[in-house]
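The values are calculated or read from the model by the stated rules, or taken from the named source; none is laboratory data. From a predicted model like this one, the values you see are computed outputs, not experimental measurements. Reconstructed Cβ throughout: ideal geometry from the backbone, glycine too, with neighbour counts over all protein chains shown.
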Amino acid sequence: MKIILRAGGGVLAGMLAASSVTGCAAVNSAVGLAESIIGTETEETSEENLEWTAEEMSEGTADCSYGETDSPEILELYLDDSSSEAIPSSYVIEDFPEIFQNPELPTGCEITALTMALNYYGYDVDKTTMAAVYLPTEDYEVYESVSGVKYGNDLNEYFLGDPFTEEGYVCGTEAIITAADAYLADAGSSLTAVDLTGEDPETLYSLVSMDIPVVVWVTINMEDRYETEGWYTSDGEYVEWSNNDHGAVLIGYDEDFVVIADPIAGIVGYDREQFESVYEQRGEKSVILV
């Protein structure tokens, strides 16, 4: 397993702090777990100096110094599963907080899942505050053109409807990233939300094995996705949703099962193959905080 993180110094510091160790100790600890390679890019660093070798890190000889940049944004996140044998065969993040969306947020699964992740990192914020203050929302507005093509809101960017009611719909990764980053900025945190949409399940498992919970877009009870309703946004992007769409947090796995912090069911196990199928049905959408 190889991870290369290119970011401003502030973001890297946040990631290292989240791992409970700092500086080279964090890098060396990652090597022992999954031969991780973490690098940062600043105006002063060159491309060839960004990647430290596993040997340098395991021997403690890697230069782990990094400079600050004007932007704290993560520039690139590469996850290479070419050495997937280094990933533990099973792992569960310990002491992960369990938060239920009901009764306050009957349709607020995604923001509840994010709240669990924030609580895990030590941020004392509740789901209703995240939903009322930080989650971007819009009323559901879909119309059909004279040619029969449907147009409507961007449910990736906004939660449609009201998550405090049964009439709410869903939201995608962009809305959750907006909510997370707004809260973290108010909290004075160096953490930031990262969209990992398109990453395969093995990548998610490797992150979990490093105690990084992954907010995932799945379905209720991990059943196959129901028939979807879709439309085009003003930008020409096609979006869709289903009545059993759901958001949760991946916190563990083994060869046969995954462990999910589910805003409806609590911390439960689901069949790993079925999870991977549903994750694909939902477009392989996921978000982490680093």
* Among all residue pairs at least 6 apart or on different chains, which show Cβ distances below 9 Å where the first residue, located in region 88-104, is touching a residue at least 12 places away in the same chain (Cβ under 8 Å) and the second is basic (K, R)? -> I99/K127; F100/K127; Q101/K127; E104/K127
* Structure fact -> The lone condition A185 fails out of (1) among the aliphatic types (A, V, I, L, M); (2) crowded, with 16+ Cβ neighbours inside 10 Å; (3) assigned to a helix (DSSP H, G or I) is (2)
* Could we say that G122 is modelled with pLDDT of 95 or more and on the phi > 0 side of the Ramachandran plot here? -> yes
* **Output for region 205-227, where each listed residue is outside any strand (DSSP E or B) and closer than 13 Å to R282 by Cβ** => I220, M222, E223, D224, R225, Y226
* Of the criteria (1) closer than 27 Å to P88 by Cα; (2) surrounded by fewer than 24 Cβ atoms within 10 Å (Cβ to Cβ); (3) β-branched (V, I, T), which one V239 fails -> (1)
* Structure fact -> Residue hits (region 122-141; among the aromatic types (F, W, Y) and closer than 14 Å to D181 by Cα) are Y123, Y134
* Quick check: is even one residue across region 130-139 modelled with pLDDT of 95 or more, among the small types (G, A, S) and surrounded by 13 or more Cβ atoms within 10 Å (Cβ to Cβ)? -> yes
* **Residue among L135, L191, L114, L184 that is over 29 Å from E276 (Cα atoms) and within 16 Å of the chain's Cα centre (by Cα)** => L184
